[in-house]
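Peer 1: I'd like to ask some things about the structure below.
The values are calculated or read from the model by the stated rules, or taken from the named source; none is laboratory data. The structure presented is a predicted model; accordingly, all values stated were derived computationally and were not measured. Neighbour counts are summed over all protein chains in view; Cβ atoms, including those assigned to glycine, are modelled from backbone coordinates with ideal geometry. Note: areas computed on protein heavy atoms with side chains; ligands, DNA, RNA excluded. Shrake-Rupley method; radii C 1.70, N 1.55, O 1.52, S 1.80 Å.
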Protein chains: 2
Amino acid sequence: MPDVDAGGVRSVQRAVDLLALFDADHHSRSVRGLVDATGLPKTTVVRLVQTLEQAGLLWSRGDGQLVPGAGLLRWAELAQRTWRLPDEALRRLEELSEASRGETVHLYVRQRNARVCVARHEGTRNLRHVVRVGEEMPLWSGAASHVLLSRADRADVVAVAAAAPHEGWGELLWERARRAADDGWSASHGEREPGVSGVAAPVFDRSGRMSAAVALGGPTTRFTDEAVAEFVPPLLATARALTTLDCIGGTA
Amino acid sequence: MPDVDAGGVRSVQRAVDLLALFDADHHSRSVRGLVDATGLPKTTVVRLVQTLEQAGLLWSRGDGQLVPGAGLLRWAELAQRTWRLPDEALRRLEELSEASRGETVHLYVRQRNARVCVARHEGTRNLRHVVRVGEEMPLWSGAASHVLLSRADRADVVAVAAAAPHEGWGELLWERARRAADDGWSASHGEREPGVSGVAAPVFDRSGRMSAAVALGGPTTRFTDEAVAEFVPPLLATARALTTLDCIGGTA
């Protein structure tokens, strides 16, 4: 029953997309606000909201505003139990930050055509690169993306690159992913946001599958060729240590 | 299109139910494990898993096990931002625990036919009542349920009571909800679990709608009539303070 299948996928994805409209700037929303934000017909939004309320994922507050539901609290615990790194791994991220004179360290996993930050150690510099845990970044840009795509096939990379607002990005991304595969690390400068640079290396699980990319991020002015050359050895040491700990997505 | 509607609701609910199979005892599961746990056909489980992976709610680890997805990390932040009480409210829960000589305080909101614990202050007694934040409890039992149902109509209460494993529970629950409405608080003894007692009072928002129930829970041996009479004044004071703070489900 392909119709039922498609409907199921679409419903779940729509529900996820609707919840994604609640963020730091929108703690609560009205049905009207959701209609405006989604462009969906009001009847569709009302139906979706009812479904999400029934599932405990949205909650109607007394003032008529909708807020993320208390049912998410259980999922919060689940997610944190799965993704919280053991202390030894967190210490490694901290040491890498220190070895780079205070740049921020992020750990990303691939999730469809995005990379999600699952852990980080925030740097000490005043001008610092900040991605929150749980935040999605596009997979078409950045050193961590080159690394996460370094074992992907060409069609996959080209499909990911289609989201980039640039002509011919598929070829470029494929080339950078190939280089990341050859070198075992990658650097990027201003691919998505001018002035932001990164350098990243792959983390593997015990079966040898790539599980994550560990990355240093900061302003391009501090990520000179000399600095990157200096960052790479401790970055690779951190990636190897995380590989040995085999702790991405919980321990088996 | 009622068919599409029903399909959407069912898909989202099924997805939520499948995620609920991941808990403290099951950090990871195989597709086979999910088939066994749900009793659904393997093809259905595979389709559902693919949908959840696409939505970032499940993640395939290298060892072939499924774990809660990194996409949940974002929702975790959302849920905690919405439901985390301000420090002043948390202090009130702590004070109530002290005033009851160390019983545990829970705050519950209604979610369909359940009540969800959204905050708590764990008591200091060795034998203590523990419900985790995010945990769902049945709405057919307990003092907090009487309170949360004290403004519900009879049909609603009877429908909730249908989940109870007892004959004639609808009448009993309706009567207890009516008494909670009259008294402004309720006590319960062993309604669901022998030896567990509770006493609860309603919290309102600024529009006067009931938003939550604050409850003390502990062993029946400590919840004598004398003790309950002693617990009620500080409980009602806490409920009034939380009403004034108007902080359930985030601030407007």
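Peer 1: Probe radius 1.4 Å, ligands and nucleic acids left out: which of A:Val116, B:Val158 has the largest accessible area, and how do the rest follow? List each step's numbers first, then the result.
Peer 2: Details: A:Val116 0, B:Val158 70 Å².
Listed by decreasing accessible area, they come as B:Val158, A:Val116.
Peer 1: Report the one residue of A:Leu34, A:Ser60, A:Val12 whose Cα lies farthest in the direction of the positive end of the charge dipole of segment A:2-74 (charges on C-beta: Lys and Arg +1, Asp and Glu -1; origin at the Cα centre).
Peer 2: Final value for the positive-end residue is A:Ser60.
Peer 1: A:Lys42 to A:Thr221: extension gain in nm, 0.36 nm per residue of separation minus the Cα-Cα distance? Present the calculation step by step, with values, prior to reporting the outcome.
Peer 2: Values: separation 179, 0.36 × 179 = 64.44 nm, distance 4.82 nm.
Residue separation times 0.36 nm, minus the Cα-Cα distance, leaves 59.6 nm.
Peer 1: If the label for B:Gly64 sits 7 angstrom from Cα along the Cα-to-Cβ line, what are its distances to the same label in every other copy, in nm to one decimal, shortest first?
Peer 2: Reported distances to equivalent positions: 5.5 nm.
Peer 1: If I model a spin label at B:Arg101 and A:Arg209 as a point 7 Å from the Cα along the Cα→Cβ vector, what separation in nanometres do I get?
Peer 2: 5.6
Peer 1: Can you give me the accessible area per residue for segment A:84-245, using a 1.4 Å probe, in Å²?
Peer 2: Numbers: 7380 Å² over 162 residues.
Ligands and nucleic acids excluded, the figure is 46 Å² per residue.
Peer 1: Still on this model: I'd like the carbon and sulfur percentage of the solvent accessible area for chain B, probe radius 1.4 Å, heavy atoms only, ligands and nucleic acids excluded.
Peer 2: Values: 5620 of 11250 Å².
Solvent-exposed carbon and sulfur of chain B make up 50 percent of the total.
Peer 1: Work out the charge dipole of chain B with +1 on the Cβ of Lys and Arg and -1 on the Cβ of Asp and Glu about the Cα centre, then indicate which of B:Ser207, B:Val46, B:Thr224 is farthest towards its positive end.
Peer 2: Positive-end residue among those listed: B:Val46.
Peer 1: Another question about this same structure. Starting at 0 and stepping by 10 Å, how many percent of the alpha carbon pairs of chain B end up in each bin?
Peer 2: 7, 27, 29, 24, 12, 2
Peer 1: Let a ≥ b ≥ c be the square roots of the eigenvalues of the Cα gyration tensor of segment B:161-232; is it rounded (a/c under 1.5), or, if not, prolate (a/b larger than b/c) or oblate?
Peer 2: Judged from the Cα gyration tensor, segment B:161-232 comes out oblate (a/c at least 1.5, b/c at or above a/b).
Peer 1: Additional query: For the residue pair A:Asp87 and B:Ala20, what label-to-label distance in nm results when each label sits 7 Å from Cα along the Cα-to-beta-carbon direction?
Peer 2: Computed distance between label sites A:Asp87 and B:Ala20 equals 3.6 nm.
Peer 1: Along Cα→Cβ, 7 Å out, is where each label goes; now give me the distance between the ones at B:Arg10 and B:Ala159 in nm to one decimal.
Peer 2: Label at B:Arg10, label at B:Ala159, 2.0 nm between them.
Peer 1: Looking down the axis that turns B into A, which residue of B has the closest beta carbon, and how many Å out?
Peer 2: For the rotation taking chain B to chain A, the closest Cβ gives B:Ala76, 2.
Peer 1: Continuing with the same structure: Scan around A:Ser211 for amide H atoms under 5 Å from its own, H built in the peptide plane at 1.01 Å from N, and keep only partners 5 or more places away or cross-chain.
Peer 2: A:Val203, A:Phe204, A:Asp205
Peer 1: Further, regarding this structure: Counting only heavy atoms of the protein chains, get the accessible area per residue of segment A:2-74 (1.4 Å probe) and round it to a whole Å² value. It would help to have the intermediate numbers written out before the result.
Peer 2: Details: 3180 Å² over 73 residues.
Result: 44 Å² per residue.
Peer 1: What accessible area, in Å² to the nearest ten, does a 1.4 Å probe give for A:Ser30?
Peer 2: 40
Peer 1: Could you sort A:Asp246, B:Asp17 by their accessible area in this structure, using a 1.4 Å probe and putting the largest first?
Peer 2: Values: A:Asp246 25, B:Asp17 80 Å².
Reading off the accessible areas and sorting them downward yields B:Asp17, A:Asp246.
Peer 1: Continuing with the same structure: Going by amide H atoms built from the backbone, whose H comes under 5 Å of the H on B:Gln111, apart from near neighbours?
Peer 2: B:Val116
Peer 1: Further question: Work out how far the C-alpha atoms of the protein assembly as shown reach from end to end along every principal axis, then list the three figures in whole Å, largest first.
Peer 2: The Cα atoms of the protein assembly as shown stretch 75, 52, 43 Å along the principal axes, largest first.
Peer 1: From the label point of B:Ser207, set 7 Å along Cα to the beta carbon, how far off in nm is each other copy's matching point, shortest first?
Peer 2: Ordered by distance, the counterparts are at 5.0 nm.
Peer 1: Report relative contact order for chain B in percent, whole number only (criteria: Cα-Cα under 8 Å, sequence separation at least 6). Walk me through the numbers on the way to the answer.
Peer 2: On the way: 399 pairs, mean separation 39.2, N = 252.
Answer for chain B is 16 percent.
Peer 1: Continuing with the same structure: Would you tell me the accessible area of B:Glu95, worked out with a 1.4 angstrom probe on the heavy atoms of the protein chains, in Å² to the nearest 10?
Peer 2: 90
Peer 1: I'd like the accessible area for A:Arg209: 1.4 Å probe, protein heavy atoms, all chains in place, Å² to the nearest 10.
Peer 2: 90
Peer 1: Among the residues of segment A:194-242, which ones have their accessible area go down by 50 Å² or more when all the protein chains sit together, as opposed to their chain alone (1.4 Å probe)?
Peer 2: Residues shielded by partner chains are A:Arg209.
Peer 1: State, to one decimal in nm and shortest first, how far the label point of B:Gly33 sits from each corresponding label point in the other identical copies (label point: 7 angstrom along Cα-to-Cβ).
Peer 2: Its label point is 3.9 nm from the equivalent points in the other copies.
Peer 1: Can you list the equivalent-ellipsoid semi-axes of segment A:1-145, largest first and in whole Å, using the square root of 5 times each Cα gyration tensor eigenvalue?
Peer 2: Working: eigenvalues 240, 63, 48 Å².
Ellipsoid semi-axes (Å, largest first): 35, 18, 16.
Peer 1: OK, next. How far is the Cα center of segment B:155-182 from the Cα center of segment A:38-72, in Å?
Peer 2: 27
Peer 1: Let me ask something additional. How large, in Å, is segment B:2-74 by the Kirkwood hydrodynamic radius built from its alpha-carbon pairs?
Peer 2: Details: mean 1/r = 0.0793 Å⁻¹.
So the Kirkwood estimate lands at 12.6 Å.
Peer 1: Would you rank A:Glu230, B:Glu122 by solvent-accessible area, highest first, keeping every protein chain in place and using a 1.4 Å probe? Please list the in-between numbers first.
Peer 2: Values: A:Glu230 90, B:Glu122 70 Å².
Listed by decreasing accessible area, they come as A:Glu230, B:Glu122.
Peer 1: While we're here: Show me you know the interface measure: the accessible area buried between A and B, both chains summed, probe 1.4 Å, in Å² to the nearest 100.
Peer 2: Numbers: alone 13960 and 13980 Å², together 22480 Å².
That pair of chains buries around 5500 Å² in total.
Peer 1: Taking the Cα centre of the protein assembly as shown as origin, work out the dipole magnitude from +1 charges on Lys and Arg Cβ and -1 charges on Asp and Glu Cβ, in debye rounded to 20. Write down the numbers at each step before the final one.
Peer 2: Values: 60 positive and 64 negative charges, 77 e Å.
Here the protein assembly as shown has a charge dipole of around 380 debye.
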